[in-house]
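K.L.:
Have a look at this one before I ask anything.
The values are calculated or read from the model by the stated rules, or taken from the named source; none is laboratory data. None of the values given here were measured: they were computed from a predicted structure. Cβ: placed from backbone, ideal geometry, glycine included. Neighbour counts: every protein chain shown. SASA here: full protein model, heavy atoms, side chains in, ligands and nucleic acids out. Shrake-Rupley method; radii C 1.70, N 1.55, O 1.52, S 1.80 Å.
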Amino acid sequence: MSVFLAWRLLTFLITVSGASVLIFLLLEVLPGDPALTMLGVDAPESAIKAIRLELGLDRPALVRYVEWIVGLLQGEMGNSYVYKVPVADLIGQRLQVTLPLSIGAMLVATLVALSLGIFAATNHNRVGDYGVMGFSQLGLAIPDFWFGILLIILFAVVFQWLPSGGFPGWDEGIWRGVRSLILPILTLSLSLTAVMTRVTRSSVLEEAQEDYVRTARAKGLSQRAALWGHVLRNALVPVLTIGGLLVATVVTGTLVIENVFALPGLGKLIFDAISNRDLMVVKNLVLLFAAIVVFVNFVVDILYALVDPRIRIHT
């Protein structure tokens with residue numbers, strides 16, 4: 001197990017390092033002047049020289065990259081050109097919104113998808129199965145931003161049960177903060193639930209047809225006992241796989257959802273940073289998003305080994 005973990009950790013570090021090099025090359029090294037990109041082609045030469053000096057663009061690229069990585073290891077991400085504050089402070093403030101939004105969406109999607117997928121599999125080719133598959137198909141077809149607007153109209157405008165957008169801050173009370181995130185969480189979890197439901201259903205159906213399940217049933221084990229005692233453990237491996245891949249969908253989904261609901265999270269921050277050409281914020285946020293996706297897949301690999309020990313033996 002220790003060899004398995006060491007190998008996965010090494011893979012994680014190599015992947016994040018490669019992502020940092022690629023991000024740095026795209027934003028600061030490839031043809032094009034970052035200072036000119038930030039200020040615009042009509043900016044005076046004196047202003048361009050000043051911003052190049054402020055950002056250290058007059059120094060060799062290798063030196064700038066090493067300083068950036070060393071700063072990240074020390075918790076230093078530089079200062080935002082637009083906000084004039086440390087990027088680390090900006091990210092820390094916005095994480096208070098994006099983190100509960102993302103985790104909430106994944107939890108809702110996982111719980112609902114597992115329930116619906118198992119229900120559909122145990123009622124294969126019946127009305128319940130057709131209903132769940134119809135729901136999942138609808139969830140895949142509806143754009144997230146449009147679904148969010150529908151939820152706003154229904155629950156914020158018509159019934160006035162929940163706020164239509166904005167975030168009051170956790171210091172205003174936990175319940176007020178949670179209420180402001182309910183609609184965004186439901187919106188973000190729709191497509192995730194649809195995908196995971198279909199995968200769960202297919203995985204449970206496939207495992208239920210294996211020889212070991214038929215043997216267990218032949219020995220007198222009930223369908224429910226066989227499902228919970230044998231089928232689900234092996235059926236979880238594909239579900240974990242798709243769950244890890246969907247983290248990237250969550251990350252990109254926050255870009256849209258936080259703008260629809262006017263939430264001051266990381267998605268809104270990177271959208272504003274791109275619009276304002278704040279490359280220091282963009283550079284660090286893109287690397288953070290990449291690291292989150294890679295880290296979650298690293299955790300999924302560990303869960304693989306816990307669910308199915310054969311994986312760590314053959315890896």
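K.L.:
Of the peptides 147-155, 8-16, 293-301, how do they stack up when ordered by the mean number of other Cβ atoms within 10 Å, highest first?
P.N.:
The peptides rank, most packed first, as 293-301, 147-155, 8-16.
K.L.:
Could you order Ile174, Ile48, Ile292 so the one with the most accessible surface comes first? Probe is 1.4 Å.
P.N.:
So, going from the largest accessible area down, we get Ile174, Ile292, Ile48.
K.L.:
Let me ask you something else. Just for the Cα atoms in segment 143-231, what are the lengths along the principal axes, largest first, rounded to whole Å?
P.N.:
58, 29, 20
K.L.:
Consider a paramagnetic label point 7 Å from the Cα of Ala6 along Cα→Cβ; state which residues of segment 276-302 have an amide N under 19 Å from it.
P.N.:
302
K.L.:
Can you return the aspartates and glutamates within cross-link range of Lys283? Criterion is Cα-Cα under 12 Å, with same-chain partners fewer than 8 residues away left out.
P.N.:
Excluding near neighbours in sequence, the set is Glu28.
K.L.:
Probe 1.4 Å, all protein chains in place: accessible area of Leu22 in Å², nearest 10?
P.N.:
100
K.L.:
Quick one: accessible surface of Tyr83, probe radius 1.4 Å, all protein chains present, in square angstrom to the nearest 10.
P.N.:
Only protein atoms counted, so the area is about 80 Å².
K.L.:
With just the Cα atoms defining each centre, how far is segment 75-142 from segment 172-227? Give it in Å.
P.N.:
Between the Cα centre of segment 75-142 and that of segment 172-227, the gap is 14 Å.
K.L.:
List the DSSP H helices in the chain whose Cα atoms stretch 20 Å or more along the helix axis and whose mean Kyte-Doolittle hydropathy is at least 0.5.
P.N.:
Membrane-span-like by this rule: 2-24, 87-122, 127-141, 174-208, 232-260, 279-307.
K.L.:
Out of residues 5 or more away from Asn79 or on other chains, whose amide H comes under 5 Å of its own, with H placed 1.01 Å from N in the peptide plane?
P.N.:
For Asn79, the qualifying residues are Val87.
K.L.:
Provide Rg and Dmax in Å for the chain, with only Cα atoms included in the calculation.
P.N.:
23.7, 84
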